[in-house]
Amino acid sequence: MTDQPPVSLAFLDEVLVGVLVLCVVLALVVVLSRIRIARRRETVKQRLAPLRHDLLAVGAGEDESGQARSRLAQDREAGTDLDRAVVDLLTKVRGTPADDLVSVLRERDAVAKARRALGSRSSVKRARATRTLGLLRDPALTLDLVRMLDDRSGEVRIVAARSVGALGPEAGPSAAASVLRAVRSRRSAPGVPATVAMGTLTQLGVQSEPAVALGLTDEDAGVRNVAAAVAGHSLFLSCTPRLTELAAHDPDRMVRVSATEALGSVGRPADVEPIARLLAPHEPPAVRRAAARALGELGGQMAVDAMVRVLADDDRSLAVTSATALSQSEHGRSAIRAVSLDDDAAPTARSAVAGVLQMLDLRDTGRGAR
Amino acid sequence: MSPDDIIPGLREVVIDVLAAVQWPVLVYFVLINTSYLIFIGLAAWDFVHHLRRVEQTGRQERVASEFVPPVTLVVPMYNEAAGIVQSIQSLLSLRYPHHDVVGVDDGSSDDTFAVLKEAFDLVEVDREIPADLPVKAEVLSVHVPRNGRTPLTIIRKTNSGRSDAVNLGINAAGGELLVFVDADSILDPDALMTVTVPFADDPTRMVATGGVIRAANGSRVVAGRLVEPRMPRQLLPRIQVVEYLRAFLIGRAGWSRLGALVLISGAFGVFRRDILVEVGGLDTDSIGEDFEVLMRVHQHLKREGRDYRVKFVGEPVCWTEVPSTAKVLQKQRARWHRGLWETLWKYKHMMFNPRYGKVGMLAVPYYWFFELIAPLLEFVGLLLVVLGLVLDVINVPFAILFMLVAYGYAILVTLAAMTLEEMTFRKYARWRDLGTMLLAAIAENIGYRQLTAWWRLQGWWASLRGQKQVWGTMTRVGLGGEEGKT
Amino acid sequence: MADDDDDIRDLVELKLTQSGYTVRACANGVEALDEIRRDPPTLAVLDVMMPGLSGIDVLREVRADEALKGVLVVLLTARSRDTDVDMGFSTGADDYLIKPFSPRELVHRVSALVSRSQ
């Protein structure tokens with residue numbers, strides 16, 4: 001045993017060779033990919049160089065004669081590279097130049113090409129095609145875009161949702177319903193991101209009101225949350241009863257917060273009372289704070305009274321939030337001034353308003369602090 | 001036993017040990033490195049989707065939404081007079097719809113506060129700071145800019161350490177989301193938009209996100225922004241650039257993909273404020289407080305049976321100066337490993353506990369077996385090889401071969417990480433930097449790796465002996481996913 | 001004029017040059033800041049969204065510099081209603097334009113600003 005080294009692993013040679021080969025391969029990949037990307041960019045640039053001037057002329061709105069437009073429309077050599085360059089430029093300008101670029105795309109048959117690409121196997125191609133169609137802002141394409149909201153790739157769904165939003169109210173109420181449905185998470189994959197859906201639904205304006213009202217009762221908390229935020233932002237009055245209910249009873253805390261905040265925007269004087277009830281000590285801190293903020297938005301005597309009451313609350317975060325919310329309205333400002341001057345007021349309440357009042361004074365005069 | 005007997009006796013022992021451990025060591029070695037490659041693969045998948053989304057939806061649009069939650073940046077400061085004004089200014093001018101900055105001066109002994117007062121025309125106010133989290137220190141004063149509009153609050157307090165300062169900042173923060181940033185970190189203008197995207201996308205479930213941290217040494221910095229990443233000139237920082245690159249891919253992106261991310265950097269992390277308050281904020285007694293707090297968040301939310309997400313954002317938007325001297329680096333690594341050990345020990349009940357889902361079944365065991373023990377095994381392995389050589393138990397060509405394979409595999413992992421960087425974010429534009437990086441990937445294995453393993457063991461050992469932690473001033477990056485090998 | 005996007009940079013350059021202005025185009029914030037410092041222009045058009053130094057950063061530096069007091073700044077901002085706009089004005093921008101933008105509008109705003117300041 002002592003002559004023969006006791007520890008030996010015969011296959012180590014092969015492993016070493018394998019590892020070294022892989023190392024070299026990876027190093028080469030790094031270098032080559034860098035060269036390839038630079039070269040690819042260069043080729044596209046060269047191919048588009050002769051058309052660059054026309055492209056910019058159209059983009060700058062300097063093509064009164066329409067010659068540049070027709071040259072771009074008729075060019076066949078630059079192919080999809082030109083299509084893509086036009087689409088890129090289209091995202092950057094608006095007004096007449098944008099309309100001109102759209103007409104170039106149409107004449108280049110980009111619509112048909114993009115519609116065909118919607119069925120492509122590559123998700124990148126589908127996303128690109130969806131984006132192109134969306135940029136045309138053509139309500140006739142609504143159905144195509146809505147269908148892409150169900151795409152199996154998350155990126156495509158995002159592009160589709162944003163494209164539907166770009167169509168504006170003309171996309172119609174059923175598109176809004178589809179967007180909201182796309183927010184639902186599907187098995188493990190997340191749905192369309194909340195902010196994207198919120199943006200789209202807001203752009204659709206009143207057309208999304210029925211869908212949003214329905215979304216407030218969806219079984220998916222993410223959908224309810226989006227619907228609540230949009231209802232508040234877009235001032236969908238028909239949603240307030242349901243928002244009140246969500247604010248008080250939804251099993252998801254974030255939904256309660258969103259619904260409460262939404263009520264701050266769409267609420268009417270009648271909603272002050274149920275929101276004020278959310279200030280009760282047994283409610284979660286986040287909901288109580290949201291209620292204070294919402295009351296600050298709504299204003300009015302009842303709201304101010306409810307906010308003043310929590311200035312001495314044990315939850316100091318709530319007290320400070322409430323003081324800040326009070327400072328939003330003239331009515332509230334006089335209420336906190338009264339608290340600060342009232343020697344009988346609870347010291348905690350006076351402490352909560354002191355800093356807020358100083359901030360107000362600083363803002364007004366640039367003075368007021370020690 | 002005479003001295004003559006000791007050598008053959010020792011030789012027998014070494015042979016037995018080697019014979020006994022060679023297979024386990026090999027299996028361990030294959031497992032750990034393969035896990036790294038898998039993580040890099042997962043990271044690649046994640047980044048490709050991320051970049052496609054950015055490409056298709058446009059960066060412009062991210063800042064455009066009014067539906068993003070308000071954010072408060074919490075900046076603990078201790079003797080930062082030199083760069084603090086620039087740093088606060090660059091935080092205030094980050095692109096975001098509504099964010100404010102709360103700076104907590106942790107009893108600095110230099111004129112940190114004086115320079116801030118001068119630069120921002122601060123005045124003292126009687127603002128009440130809620131005590132949502134218990135804070136040890138005494139608040140001395142609260143200051144805001146005189147115009148009453150610049151969204152900045154500076155709090156002065158008695159010195160009580162970084163974690164306590166952060167907790168006070170949490171109390172004072174008005175935002176729903178909190179971003180913790182070290183005063184010496186350099187953020188890209190879009191950093192805030194980037195790291196908060198997951199919260200905007202999935203507001204009902206996201207509770208925390210962590211960003212990538214890269215080494216800033218040697219890069220070009222103008223007006224408080226890092227405008228051109230470059231490789232540093234010194235060797236130690238150079239190696240760390242490569243190390244950070246790899247460690248964040250291995251330690252974060254993959255775990256995030258798997259839904260079991262347990263570590264986000266204290267130097268650049270985002271949390272939902274209400275969740276932090278629920279779990280009690282940072283543990284001021286913990287040495288690895290960033291790791292500890294996230295474990296506590298996991299434990300709390302799993303126990304409550306809530307559906308939640310913790311996500312890693314792979315786009316590099318935060319840069320920090322890494323130690324350029326061995327001494328500081330040694331302290332840093334010892335600290336990190338100590339923090340790792342103490343936190344893992346504290347949460348040992350989560351190990352293989354199905355109640356904690358993937359965190360308990362996958363992440364925690366992984367950190368035990370592959371993060372905590374790695375430097376120990378690496379060290380023992382090296383020791384055995386050296387002993388084996390000295391005692392002529394293994395022959396020289398074999399030893400060299402073994403080392404080559406071991407380090408070759410490690411270099412392979414690093415190269416895979418570099419390839420991913422090159423395919424995705426491509427931050428280092430100069431060819432010269434690429435070359436330097438390739439060299440650093442190799443140089444790392446000669447000396448640096450062994451030294452850091454040793455330092456990490458020192459940290460672990462210090463904890464086991466119950467030495468008191470010393471509060472250092474090094475940056476709190478917490479690589480965590482940094483690996484050792486056998 | 002500074003924008004990291006080739007299209008926008010070329011568009012603005014083309015449009016402003018045709019309107020009789022001398023335009024110096026920069027591809028990023030650092031270049032722009034260097035150029036403004038080297039030879040202060042009458043007016044700078046800055047894209048807010050640039051890697052490295054953002055338009056806001058450049059603006060902040062320009063406003064902090066006494067020697068550059070008279071430089072007019074127009075920001076090119078993202079679609080958002082408040083974000084960049086609020087921040088731009090509080091940092092001292094003279095005007096802003098929301099992207100996607102109309103090249104004609106840009107020229108109008110630039111000439112209005114320039115003539116007002118003269």
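Picking from residues in the stretch C:47-69 that are assigned to a loop (DSSP other than H, G, I, E, B) and open to solvent by 50 Å² or more (accessible area, probe 1.4 Å), the one that is nearest to the other protein chains (Cβ to nearest Cβ) is C:Pro51.
Here C:Tyr96 passes the criteria (1) open to solvent by less than 50 Å² (accessible area, probe 1.4 Å); (2) part of a strand (DSSP E or B) except the one numbered (1).
Set side by side, the residues A:Leu51, A:Leu28, A:Leu16, A:Leu22 differ, and just one is within 11 Å of chain B (Cβ to nearest Cβ) and open to solvent by less than 80 Å² (accessible area, probe 1.4 Å), which is A:Leu16. Cβ separations smaller than 6 Å between residues 6+ apart or across chains give the following pairs from the stretch A:133-151 residues that are in contact (Cβ under 8 Å) with a residue 12 or more places away in the chain and under 16 Å from A:Leu105 (Cα atoms) to residues that are of a type in the set (A, V, I, L, M, F, W, C) and open to solvent by 20 Å² or more (accessible area, probe 1.4 Å): A:Gly134/A:Ala166; A:Leu136/A:Val102; A:Arg137/A:Ala166. Contact map, the stretch B:285-306: residues that are closer than 24 Å to B:Ala165 by Cβ paired with residues that are modelled with pLDDT under 95 and among the basic types (Lys, Arg), Cβ distance under 6 Å, separation 6+ or inter-chain. Pairs shown: B:Ile287/B:Arg338. If you go through the stretch B:450-483 and keep only what is under 30 Å from A:Val31 (Cβ atoms) and either in contact with a helix residue (DSSP H, G or I) (Cβ under 6 Å, 6 or more places away or on another chain) or modelled with pLDDT under 90 (or both), you end up with B:Thr452, B:Val477, B:Leu479, B:Gly481, B:Glu482, B:Glu483.
Being facing chain A (nearest Cβ under 9 Å) and either over 23 Å from the mean Cα position of the chain (by Cα) or part of a helix (DSSP H, G or I) (or both) is a property that does not hold for B:Ala399.
For the subset of the stretch A:252-271 comprising residues that are modelled with pLDDT of 95 or more and farther than 19 Å from B:Val68 by Cβ, which member is surrounded by the most Cβ atoms within 10 Å (Cβ to Cβ)? Ranking the qualifying residues of the stretch A:252-271, first place goes to A:Leu263.
So in the stretch A:87-102, with the set limited to residues that are open to solvent by 20 Å² or more (accessible area, probe 1.4 Å) and under 19 Å from A:Leu48 (Cα atoms), which one is farthest from the chain's Cα centre (by Cα)? So, considering only residues that are open to solvent by 20 Å² or more (accessible area, probe 1.4 Å) and under 19 Å from A:Leu48 (Cα atoms), the one farthest from the chain's Cα centre (by Cα) is A:Asp100. The lone criterion from (1) among the hydroxyl-bearing types (Ser, Thr, Tyr); (2) without any contact (Cβ under 8 Å) to a residue 60 or more places away in the chain; (3) within 14 Å of another protein chain (Cβ to nearest Cβ) left unmet by C:Ser19 is number (2). For the stretch B:153-182, a tally of residues being in a loop (DSSP other than H, G, I, E, B) and either open to solvent by less than 10 Å² (accessible area, probe 1.4 Å) or within 24 Å of A:Arg289 (Cβ to Cβ) (or both) returns 4. Look at (1) outside any helix (DSSP H, G or I); (2) more than 14 Å from chain C (Cβ to nearest Cβ) and you find that A:Val159 fails only one, number (1). Exactly one residue out of B:Thr204, B:Thr209 is under 23 Å from B:Val293 (Cβ atoms) and open to solvent by less than 10 Å² (accessible area, probe 1.4 Å), and it is B:Thr209. Restricting the first member to the stretch C:98-113 and to residues that are within 14 Å of C:Met1 (Cα to Cα) and more than 9 Å from every other protein chain (Cβ to nearest Cβ), and the second to residues that are of a type in the set (Phe, Trp, Tyr) and open to solvent by 40 Å² or more (accessible area, probe 1.4 Å), the beta-carbon pairs closer than 8 Å and six or more apart or on different chains are C:Val110/C:Tyr21. Here B:Pro189, B:Pro198 are screened, and the one residue that is assigned to a loop (DSSP other than H, G, I, E, B) and touching a strand residue (DSSP E or B) at 6+ places or on another chain (Cβ under 8 Å) is B:Pro189. Go through the residues of the stretch B:41-50 one by one and say whether even a single one is modelled with pLDDT of 85 or more, within 14 Å of chain C (Cβ to nearest Cβ) and more than 17 Å from A:Gly154 (Cα to Cα). So far as the stretch B:41-50 goes, no, none of its residues is modelled with pLDDT of 85 or more, within 14 Å of chain C (Cβ to nearest Cβ) and more than 17 Å from A:Gly154 (Cα to Cα).
Okay, residues lined up against (1) open to solvent by less than 10 Å² (accessible area, probe 1.4 Å); (2) at pLDDT below 90; (3) of a type outside the set (Val, Ile, Thr):
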{"site": "B:Glu315", "(1), (2), (3)": "no, yes, yes"}
{"site": "B:Thr320", "(1), (2), (3)": "yes, no, no"}
{"site": "B:Lys346", "(1), (2), (3)": "no, no, yes"}
{"site": "B:Asn353", "(1), (2), (3)": "no, no, yes"}
{"site": "B:Leu362", "(1), (2), (3)": "no, no, yes"}
{"site": "B:Tyr366", "(1), (2), (3)": "no, no, yes"}
{"site": "B:Leu389", "(1), (2), (3)": "no, yes, yes"}
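When the stretch B:372-395 is filtered for residues that are more than 10 Å from chain A (Cβ to nearest Cβ) and either farther than 20 Å from B:Val21 by Cβ or not in a helix (DSSP H, G or I) (or both), the ones remaining, listed by number, are B:Ile373, B:Leu391.
May I ask you to verify whether B:Arg149 is of a type in the set (Lys, Arg) and part of a strand (DSSP E or B)? For B:Arg149, the condition - of a type in the set (Lys, Arg) and part of a strand (DSSP E or B) - is not met. Exactly one residue out of B:Leu261, B:Leu282 is assigned to a loop (DSSP other than H, G, I, E, B) and touching a Phe, Trp or Tyr at 6+ places or on another chain (Cβ under 7 Å): that is B:Leu261. Scanning the stretch C:1-23 for residues that are part of a loop (DSSP other than H, G, I, E, B) and closer than 19 Å to C:Asp57 by Cβ turns up C:Met1, C:Asp3, C:Asp4, C:Asp5.
For every residue, the table says whether it meets (1) away from chain B (no Cβ under 14 Å); (2) open to solvent by 40 Å² or more (accessible area, probe 1.4 Å); (3) modelled with pLDDT of 90 or more.
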{"residue": "A:Val146", "(1), (2), (3)": "yes, no, yes"}
{"residue": "A:Leu149", "(1), (2), (3)": "yes, no, yes"}
{"residue": "A:Arg152", "(1), (2), (3)": "no, yes, no"}
{"residue": "A:Ser163", "(1), (2), (3)": "no, no, yes"}
{"residue": "A:Leu180", "(1), (2), (3)": "yes, no, yes"}
{"residue": "A:Val183", "(1), (2), (3)": "no, no, yes"}
{"residue": "A:Ser188", "(1), (2), (3)": "no, yes, no"}
{"residue": "A:Ala194", "(1), (2), (3)": "no, no, yes"}
{"residue": "A:Gly205", "(1), (2), (3)": "yes, no, yes"}
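Regarding B:Val144, is this residue buried (at least 22 other Cβ atoms within 10 Å of the Cβ), within 10 Å of chain A (Cβ to nearest Cβ) and part of a strand (DSSP E or B)? Spelling it out, B:Val144 is indeed buried (at least 22 other Cβ atoms within 10 Å of the Cβ), within 10 Å of chain A (Cβ to nearest Cβ) and part of a strand (DSSP E or B).
Which one is nearest to the other protein chains (Cβ to nearest Cβ), of the residues in the stretch A:109-126 that are at pLDDT 90 or above and open to solvent by less than 40 Å² (accessible area, probe 1.4 Å)? Only one residue fits best here, namely A:Arg126.
The values are calculated or read from the model by the stated rules, or taken from the named source; none is laboratory data. What you are looking at is a predicted structure, and each value in this text was computed from that prediction instead of being measured. Neighbour counts are summed over all protein chains in view; Cβ atoms, including those assigned to glycine, are modelled from backbone coordinates with ideal geometry. Accessible surface areas use protein heavy atoms only, side chains included; no ligands, DNA or RNA. Shrake-Rupley method; radii C 1.70, N 1.55, O 1.52, S 1.80 Å.
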